[in-house]
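Each value in this text was obtained by applying a stated rule to the coordinates, not by laboratory testing. All of these numbers come straight from a predicted model, not from anything done at the bench. Using ideal geometry, Cβ is built from the backbone for each residue, glycine included, and neighbour counts are taken over all protein chains shown.
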Amino acid sequence: MNSTGYSGQSWPDPAGRWDKFVSFDHYLEAARLAHQGTFDAVFLSDHPALQAVATARPLHSLDPIVLFTALAARVPDIGFVITASSSYNSPYNLARRLASLDHISGGRVIWNVVSSFNPDIAANFGSAPLPPRAERYRRADEFVEVVKKLWRSWDLRAIAAPERVGDPLWDDVSAAPIDHHGEFFDVRGPLNVPLGPQGYPLIAQAGASDAGIDLAGRHADIVYASLLGKQAARDFRDRLRARAVAHGRDPEHIRLLPGLVPIVADTEEQARRRHEQLNGHTGEADLIAAVAARFGLSATKLGPDTVLEPDAFGYDEDQQAPIGFTRSVRDLVAAEPLTLRELARRAEGGHRLVVGTAEQVAEQILDWWRAGVVDGYTVQPPVLIDDLRVFVRDVVPLLRAAGAFGTDYPEPTVRSRFGLPDPVPAVAPAVSAS
């Protein structure tokens, strides 16, 4: 639910609402529409720095916790995926704010952990340069561990309910200091917010590097990834599950929800033309040239119908910039003999692109799910509100008819909705001796 939509060309509005990216009513309408379509949650990424390109859609202006707190009071049932950096936050403050909203919303909070990679963000939080990737991931791992310890540190269920004035609200068992002393943090605890309706918020993670997959395997309940091909999705899932097992976790307790950009129209040809227009192009040739330029390739020299080589899409595990988008393209062309023309219709901004009629889009969505390589998708409408409205009106009924999507919210918390276990099993309260 970022700004005006996933497309960089989404911010101009015929109705003149060019500033809707800071309008609460805009986000409220989107959340209500998503609720009408029984989406499990709405998702806001975050980047605490002004965007570098002044002509693209404005991004990340409103703080996700503040916005979603307001939305939680107005929209029932639906969950909230809140992005917050492990690089530029303190564990205690973030744990407290997220736990507070989880109580207020009735167990609808998901924390999307990110390790900030932009030097512009670092410059907004002090004079120290952006740390190397390896250090950022070590910090992220410890940060999440501390937050989870804090969330577990006060369990109201572990003490008998007070019956009279003077009865304790906690004891050394129900509210214990965490006494964490690590490489980056020293935190005493306990947290002054007790366990909430779903124990504590779910954790989402999107890293595609080896370090990112390891972090997800250790901590994530939900993994948001850039996956462009079915085989690549299957391979990614296998790697993720292997890391979960290595960390002593049950891999069945992780939900894989890769990004999906749907462009839906009455005909496939109309959908293709709209795809080109959303990228500011007048035809397919310009679209192909732009895709080639993005990866440092020459569309003229290479030719739109030349089969691509995986080595053309290189990345370094130690690079500062995100690895996921480049790696997903490399994995795709390694698994399938694709040309530039075909690649241009398979990916949008690094995520899987599905173009066509509602029936064609629904079938592409169902294909991966039926194959068991994904648990669902993170749907990224190119233009908000328009494309979300079309998706809810035309695609969601087809998914429901196929038995793949619900019509209501039978479970009150996002944890129970995703079929995930209580992170802190209940204990019998202590019995006072008399």
TODO: Compute the longest continuous run of the chain that contains no exposed trypsin sites (Lys or Arg not before Pro); treat a site as exposed when its DSSP state is not H, G, I, E or B and it has at most 14 other Cβ atoms within 10 Å.
DONE: 189-434
Task: the chain: angle of helix 324-335 to the longest principal axis, Cα-based, in degrees nearest 10 - done: 60 degrees
Open item on the list: As I understand it, the value is the acute angle between the Cα axis of helix 133-151 and the longest principal axis of the Cα atoms of the chain; what does it come to in degrees, rounded to 10?
Closed with: 40 degrees
Task: Amide H partners (placed H, <5 Å) of T378, local residues excluded - done: G259, L260
Open item on the list: I'd like the FRET efficiency for Q270 and R164, computed as 1/(1 + (r/R0)^6) with the beta carbon distance as r and R0 of 56 Å, rounded to 0.05.
Closed with: 0.20
TODO: Report, by chain and number, residues whose modeled amide H sits under 5 Å from the one on I82, excluding near sequence neighbours (fewer than 5 apart, same chain).
DONE: I110, W111, N112
Task: Selection of GluC sites (Glu not before Pro), the range 104-156, meeting DSSP coil and at most 13 other Cβ within 10 Å - done: none
Task: Where a label projected 7 Å from the Cα of V22 along Cα→Cβ would reach, residues of the range 55-75 with amide N under 14 Å - done: 58-63
Task: Average projection area in nm² (convex hull over Cα atoms of the range 138-286, one quarter of hull surface) - done: 15.0 nm²
Open item on the list: I need the semi-axes of the equivalent ellipsoid of the range 7-129: take the C-alpha gyration tensor, multiply each eigenvalue by 5, square-root it, list largest first in whole angstrom.
Closed with: 24, 23, 10
- [ ] At 0.36 nm per residue, minus the direct Cα-Cα distance, what do A52 and R294 gain on full extension? Give it in nm, one decimal, please.
- [x] 85.5 nm
Task: Alpha-carbon centroid distance for the pair the range 373-391 / the range 1-68, whole angstrom - done: 13 Å
Open item on the list: I'd like the orientation of helix 268-278 relative to the chain: the angle between its Cα long axis and the longest Cα principal axis, in ° from 0 to 90, rounded to 10.
Closed with: 70 degrees
Open item on the list: If you restrict to DSSP beta bridges whose two residues both lie in the chain, what percentage is antiparallel, to the nearest 5?
Closed with: 20 percent
Open item on the list: Could you tell me the calculated FRET efficiency between A246 and S127, based on Cβ-Cβ distance and R0 = 45 angstrom, to the nearest 0.05?
Closed with: 0.75
Open item on the list: In the chain, if the dipole is taken from +1 on Lys/Arg beta carbons and -1 on Asp/Glu beta carbons about the Cα centre, which of L156, F236, L388 is farthest to the positive end?
Closed with: L156
